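In what follows, a single structure is set out as structure tokens and then discussed.
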There are 4 protein chains.
Amino acid sequence: MTKRIQILVIGHNDNGCTPEHEKIAYETGSEIAKSGAVLISGGLGGVMRASCHGARDAGGLTVGIIPQDDPTFANEFCDIVIPSGMGLTRDFLNALSADGIIVIGGGSGTLSEMAAAYMHKKPMVVIKNTGGVSQQYVDKYLDHRNNVKILGADNPKDAVKLILSKITS
Amino acid sequence: MTKRIQILVIGHNDNGCTPEHEKIAYETGSEIAKSGAVLISGGLGGVMRASCHGARDAGGLTVGIIPQDDPTFANEFCDIVIPSGMGLTRDFLNALSADGIIVIGGGSGTLSEMAAAYMHKKPMVVIKNTGGVSQQYVDKYLDHRNNVKILGADNPKDAVKLILSKITS
Amino acid sequence: MTKRIQILVIGHNDNGCTPEHEKIAYETGSEIAKSGAVLISGGLGGVMRASCHGARDAGGLTVGIIPQDDPTFANEFCDIVIPSGMGLTRDFLNALSADGIIVIGGGSGTLSEMAAAYMHKKPMVVIKNTGGVSQQYVDKYLDHRNNVKILGADNPKDAVKLILSKITS
Amino acid sequence: MTKRIQILVIGHNDNGCTPEHEKIAYETGSEIAKSGAVLISGGLGGVMRASCHGARDAGGLTVGIIPQDDPTFANEFCDIVIPSGMGLTRDFLNALSADGIIVIGGGSGTLSEMAAAYMHKKPMVVIKNTGGVSQQYVDKYLDHRNNVKILGADNPKDAVKLILSKITS
């Protein structure tokens, strides 16, 4: 296997995403691209769109795995689209496609992706002070199994650095 | 559509399920069967197995939706088995197959099912004092969307009564 | 495992289903119910609906696994509905949920279910002279692997008898 | 949407793939890469591996959508791996991810992908004289709906040219 490193970015979609979240997501996408990793996302709006935007502006490669069976639903910054046709069940595909995950705020969709990622023992880094469902899990485990501790980072640059250290270690 | 009412029971699997959880799950399955509803579960061990056991002993009908592609992995109290072949992604199938959900303790798998159910606006009742990931959500919403408030019940009988009132209302 | 025998009926949906197909599907559902087996189907129209109708009239139990995430799309003869939310990808769930399969005519959806069933080595019986994509495979294999020979039967009664003999052998 | 053109190559896996199939698949991957399109495949052996090999040698980008939930099962020529964790049900993901499809021989898995692609009205080109399940469909429709006529091409170069003309028209 000689595949590239794949980093999933998850968090607030259009519903709940503030300009501040978008800025953080854009920078996260940019840092991922600069590292040479591929950005995976859910391919729609909010944090997904902003992170793809940032990655593309930095010359990176972006993959969007969307609920619909039609690629035209993907945001305009996806280079490759996987139109899963599985509805929100695609949250598990996102998690499975990640070598590591960065979380920015988020609602129940983000929570399902974190749970899926945790069950598959994927490293996760939450960007601190971005609100939503993810904050309560910084430095904690999702359940009693202690599969993977969810880490925190102060900003996009640190988050990418940290997740890369967990992926390659 | 003249389908029967379908109630999903989720919670601790073999890892984390105590005799007390099993007793509660057994009674929950029993109450579901007595109400005439069909019990849906993830078809494996712990709370899944005990609730199927209770439902069958009370003359009910049980459906197990399992991760594997081979029905022999299902517990011995499933009347019908859906061997999804989708791994843990089947958590979404469980949630989608429910008219309402009863939660008994639970780990990260339970959390992914609750998140999936919440996104699809399914009524949920957590049995109180059963620990795990679900307790913190009693009388709360999973996120800022306020889709469906997660309710609490003191015991299996009340839980089934409450979920039925939410399904048929 | 003490689950019941599960027989999947596939074939023409609303598009392509003639009154003759419906009559055959109704009788097939009826024979399945009389045998004590559970009828699994795709839960929608055409052969799916008619077979559910026949099974229910004969006192049987019917399960519909549908593409939509909303159970109200199922036909009115389904006792249990699995609203997969996966679109036509649910064809694989149908095949996986079968101990054996009876085929009545059919188009490309039926072909995908036959291919899925063949890969998972499920016994299949085609009712002869029902047209569609399935006729060409009577007494043949789907590919060079010779996984399972697809059998033919002259009528619903013989088809159910034959598939049961393959399931329990 | 500004995604790249995505061409799926399907056909014999390790079981059934001859050196001649591999040569054709390699050239097909190479032609896809030269056209600037992304190669999508099932990410495993046989035609999948050889087409990825050809695409990578020509400087192209390759995506493998595999049945397993672990990316290490992908062949060594995949740049991006989607470890679906869905078993062979991933055949539908392959079809949905394609703007157009090129078929080289193939068994029952290829047939399920063709059926899935046909239902979603994706253009398909079969490379002639490559045997397997696909040859019988050249210049034909999979069923009575006449969704999309399956085309034939004499060689990889013509196949890529033809599928591109169908995608962009």
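Among the residues of the stretch B:117-169, the ones that are open to solvent by less than 50 Å² (accessible area, probe 1.4 Å) and of a type in the set (Phe, Trp, Tyr) come to 2 in all.
With the structure loaded, tell me whether B:Ala33 is touching a residue at least 40 places away in the same chain (Cβ under 8 Å) and part of a helix (DSSP H, G or I) or whether it fails that test. Before you say what the answer is, go through the steps one by one.
Numbers: touching a residue at least 40 places away in the same chain (Cβ under 8 Å): no; part of a helix (DSSP H, G or I): yes.
No, not satisfied.
Total residues in the stretch A:1-28 satisfying the condition of being within 25 Å of A:Asp69 (Cα to Cα) and either of a type in the set (Lys, Arg) or within 9 Å of the chain's Cα centre (by Cα) (or both): the figure is 5. Return the pair list, or none, for Cβ contacts closer than 9 Å from residues in the stretch D:17-28 that are closer than 13 Å to D:Gly132 by Cα to residues that are outside any helix (DSSP H, G or I) and among the aliphatic types (A, V, I, L, M), at least 6 apart or on different chains. Filtered contacts from the stretch D:17-28: D:Cys17/D:Ile104; D:His21/D:Ile104.
Within 14 Å of chain D (Cβ to nearest Cβ), in contact with a Phe, Trp or Tyr (Cβ under 7 Å, 6 or more places away or on another chain), open to solvent by less than 10 Å² (accessible area, probe 1.4 Å) and modelled with pLDDT of 95 or more, is that true of C:Thr62?
When the stated conditions are applied, C:Thr62 does not pass them.
For the stretch A:82-96, the criterion of a residue being at pLDDT 95 or above, more than 23 Å from B:Glu113 (Cα to Cα) and hydroxyl-bearing (Ser, Thr, Tyr) is satisfied by no position. Of all residues in the stretch B:118-169, those being assigned to a strand (DSSP E or B), within 14 Å of chain A (Cβ to nearest Cβ) and under 16 Å from the mean Cα position of the chain (by Cα) number 2. In the stretch B:49-102, of all residues being among the β-branched types (Val, Ile, Thr) and out of contact with any helix residue (DSSP H, G or I) (no Cβ under 6 Å at 6 or more places or on another chain), the one that is nearest to C:Asp91 (Cα to Cα) corresponds to B:Ile82.
If you go through the stretch A:75-99 and pick out every residue that is surrounded by fewer than 24 Cβ atoms within 10 Å (Cβ to Cβ), acidic (Asp, Glu) and over 18 Å from A:Ala37 (Cα atoms), you end up with 1. Just one of (1) touching a residue at least 24 places away in the same chain (Cβ under 8 Å); (2) surrounded by fewer than 21 Cβ atoms within 10 Å (Cβ to Cβ); (3) of a type in the set (S, T, N, Q); (4) in a helix (DSSP H, G or I) fails for A:Thr72. It is (1). Scan the stretch B:100-108 and tell me whether some residue there is open to solvent by 10 Å² or more (accessible area, probe 1.4 Å), at negative phi and at pLDDT 95 or above. No - not one qualifying residue is present in the stretch B:100-108. If the condition is being within 14 Å of chain D (Cβ to nearest Cβ), over 16 Å from A:Cys78 (Cα atoms) and either in contact with a Ser or Thr (Cβ under 8 Å, 6 or more places away or on another chain) or not basic (Lys, Arg) (or both), then the stretch A:1-35 contributes A:Met1, A:Thr2, A:Ile5. Number of residues in the stretch A:86-130 that are over 20 Å from A:Ser165 (Cα atoms) and not aliphatic (A, V, I, L, M): the value is 16. Taking the criterion of being without any contact (Cβ under 8 Å) to a residue 40 or more places away in the chain, within 7 Å of another protein chain (Cβ to nearest Cβ) and assigned to a loop (DSSP other than H, G, I, E, B), the residues of the stretch D:75-102 that qualify are D:Glu76, D:Cys78, D:Asp79, D:Ser84, D:Gly85, D:Met86.
The values are calculated or read from the model by the stated rules, or taken from the named source; none is laboratory data. The structure presented is a predicted model; accordingly, all values stated were derived computationally and were not measured. FYI the Cβ positions are ideal-geometry reconstructions off the backbone, even for glycines, and counts take in every protein chain you see. Ligands, DNA and RNA are excluded from the accessible area calculation, which covers all protein heavy atoms including side chains. Shrake-Rupley method; radii C 1.70, N 1.55, O 1.52, S 1.80 Å.
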